[in-house]
Every structure is written in C-alpha cells, then in structure tokens.
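First up is the structure itself, then whatever we jot down about it.
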Amino acid sequence: MENIKDNELNALIHLLEDPDEEIFSTIRERILSMGEEVIPALENVWESTFNNILQTRIEDIIQTIQFTNVLEELKLWADTGGVDLLTGTMLVSKYQYPDLDDEHVRKQIELIRRDVWLELNSNLTAYEKVRVINHILFDVYNFTGNTTNYHAPQNSYINNVIESKRGNPLLLSILYSIIAQGLNIPIYGVNLPEHFILAYRDEFTIRQEDEEEPILFYINPFSRGAVFSRREIDTFLKQLKLDQNRIFYESCSNVDIVCRQLRNLIVSYEKLGYPNKVDDLKNLLSILSYSG
C-alpha cells in the first residue's frame, strides 16, 4: 500500500513541471492533501533538480503544508484551553522555523529552571524568590532586553531569545513566567498596553467572585526583573491617557499572551516590508481570536 502511495507521489511530483497552470493547480491540491509526510520526498526532488519553476512550485507546496500544520496545531492548542504556554509560543516559532526542535528548547529551559530550583528553599518570601529568579536569569544566564533592535522579529521567537539571550518585554516575560510556574511560583502575564509585565499572585488569599485578583507586586523582566507596585501602573496608564481597566492589573490567559506575540510579529514584519508574512500571521491571529 505504501509503495502505491509512493508511486503516486513520485508521479505527481513529476507532473509539477507541467507548464499548464490548471494541471499544476490540480496536482498541487492533491499533494497538499497528503500532508507533511510528503515533505522529505519534495525536498529530495528540490535538491536534485535545476528546474527553477519546479523548485519554486515545490517551495510553495512545502511552505503551504508547514503553515497549515501550524494553523491547525495552534487552533487545537487554543481550543483545548491553551494550558501549556511554552507549547503555544513554540508553535508561533514554528511558523518561521518549521524544523524547530521542541525538545531542545524544553531542555534549555529546564536547565535554567533547575538552576533556579537549586537556589530556592521553603523559607523564602515571594520577593526573595523573585530575587533568585532574577539572579539566575539576568546575572548567570545574562538575559537582557534588546533595546538596540527592539522591533526585530527575532525578539519574538522563543528559540531565538534563548540562543541570543535577548528579547522584547513579552518574550522575556514568557520565559520568566514559564520558569516560575515550573517551580510552582505564581507569576503570570499581565496585558499592560505598550509594555508586557508580570504579576506575582497572592496564593494565600482566597478570591471572592467579582473581586479583583489578589496581586502582591508586579515584575518587569525587561528591566532585569524590577519589582514595582500598582501605583506605578496607575501612573503609566495616566501617561497613556487610558482608564484604569481591571485587565491592565490582572493576569491574562496563555491564549491572550500568544495573541500578543503574533501582534508584535505583525508590527515587526510590517516595518520590514514583508506583506506575505503579515497576512500569514494575521490568519494565525484570527484563528486564536475566533477560538477565544
């Protein structure tokens, strides 16, 4: 059965050279329907041919398959609650880096988490726990905000941020909160306009219905984990001429965070002049917005 499928695929790939656009369109749809398992065969043909038209058509098919996979996986992630933030943010990275090694990224984050864990003990206060995370992330691993190239797309991809140790406020906050939550430290993202931050939730206060979320303090990973109070958010919102909406003070969902990651990338690629990427990312964003 597999040989029959392989033979069909080989025949279809051979027909991709046909100059007739209608024939190409039909063949393209059939190959697309076979899914990602056809990618290795397509790549082999791409490497062995000097036919520019065939190479271009193969590139189009591979990119379409990879994009469809990201779209479907991201939708499934959101529809099932967006529980694991790292999975969501890595799916966005897979848009740009389809061969991203998930396990490699997870292992790198686990090394950081372990180094933080070794410095913690049960007697530490919330503030002291944050100081430990700050020390490991910003002094030992030397993560920092990318102030010189703030809008670069690289700042919005988790794999790039881990490798380069540079990121924007959102990605540094994502990394910080993933590590904290992996240690059962209740630090979550806050969707503050213009600047993403984190909140240290008061885990010992029971929240009554319709009451504001109990927050001990806020953290700014872009400023090496600086700790601040609600009053600073009040001042910041006043400068932006915005009302003191509860959503600017309370933690947001993982789906909200990944939506913001996509919006940041849309802005980055608009500035660089990549309309195709902007359209792709808007499609991904619409899937999450619809799921939400």
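The values are calculated or read from the model by the stated rules, or taken from the named source; none is laboratory data. This structure is a prediction, so every number in the text was calculated from the model and none was measured. So basically every Cβ, Gly included, is an ideal-geometry build from the backbone, and we count neighbours across all protein chains shown.
Is segment 226-244 home to any residue that is surrounded by 12 or more Cβ atoms within 10 Å (Cβ to Cβ), within 27 Å of Thr87 (Cβ to Cβ), touching a Leu at 6+ places or on another chain (Cβ under 9 Å) and touching a residue at least 12 places away in the same chain (Cβ under 8 Å)? No, segment 226-244 has no match at all. Of all positions in segment 133-148, at least one carries a residue that is at pLDDT below 95, among the hydroxyl-bearing types (Ser, Thr, Tyr) and touching a helix residue (DSSP H, G or I) at 6+ places or on another chain (Cβ under 9 Å). Among residues of segment 9-25 that are assigned by TED's automatic domain parsing to the domain that holds Thr49, those with a beta-carbon under 9 Å from a residue that is surrounded by 12 or more Cβ atoms within 10 Å (Cβ to Cβ) and part of a loop (DSSP other than H, G, I, E, B) at least six positions away or on a different chain give the pairs Leu9/Met34; Leu12/Met34; Glu17/Thr49; Glu17/Asn51; Phe24/Leu16; Phe24/Glu17; Phe24/Asp18. When Leu272, Leu265 are checked against the criterion of being buried (at least 20 other Cβ atoms within 10 Å of the Cβ) and closer than 23 Å to Lys165 by Cβ, Leu265 stands alone in meeting it. Would you call Ile233 part of a helix (DSSP H, G or I) and under 17 Å from the mean Cα position of the chain (by Cα)? Judged against the criteria, Ile233 is not a match.
Residues checked against (1) out of contact with any His (no Cβ under 9 Å at 6 or more places or on another chain); (2) closer than 30 Å to Arg106 by Cα; (3) modelled with pLDDT under 90:
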{"site": "Ile13", "(1), (2), (3)": "yes, no, yes"}
{"site": "Asp18", "(1), (2), (3)": "yes, no, yes"}
{"site": "Gly35", "(1), (2), (3)": "yes, yes, yes"}
{"site": "Thr56", "(1), (2), (3)": "yes, no, yes"}
{"site": "Ile65", "(1), (2), (3)": "yes, yes, no"}
{"site": "Asn69", "(1), (2), (3)": "yes, yes, no"}
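Of everything in segment 122-165 that is among the hydrophobic types (A, V, I, L, M, F, W, C) and assigned to a loop (DSSP other than H, G, I, E, B), the residue that is farthest from Gln108 (Cα to Cα) is Leu124.
Sub-6 Å Cβ pairs linking a first residue in segment 181-204 that is farther than 20 Å from Gln239 by Cβ to a second residue that is aromatic (Phe, Trp, Tyr) and part of a loop (DSSP other than H, G, I, E, B), at least 6 apart or interchain, number zero.
Within segment 111-130, being under 26 Å from the mean Cα position of the chain (by Cα) and either surrounded by 14 or more Cβ atoms within 10 Å (Cβ to Cβ) or closer than 14 Å to Asn184 by Cα (or both) holds for Ile112, Arg113, Arg114, Asp115, Val116, Trp117, Lys129, Val130.
Residues checked against (1) under 30 Å from Arg260 (Cβ atoms); (2) assigned to a helix (DSSP H, G or I):
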{"residue": "Asn7", "(1), (2)": "no, yes"}
{"residue": "Ile13", "(1), (2)": "no, yes"}
{"residue": "Ile39", "(1), (2)": "no, yes"}
{"residue": "Val45", "(1), (2)": "no, yes"}
{"residue": "Ile53", "(1), (2)": "no, yes"}
{"residue": "Phe67", "(1), (2)": "yes, yes"}
{"residue": "Val70", "(1), (2)": "yes, yes"}
{"residue": "Ala78", "(1), (2)": "yes, yes"}
{"residue": "Gly81", "(1), (2)": "yes, no"}
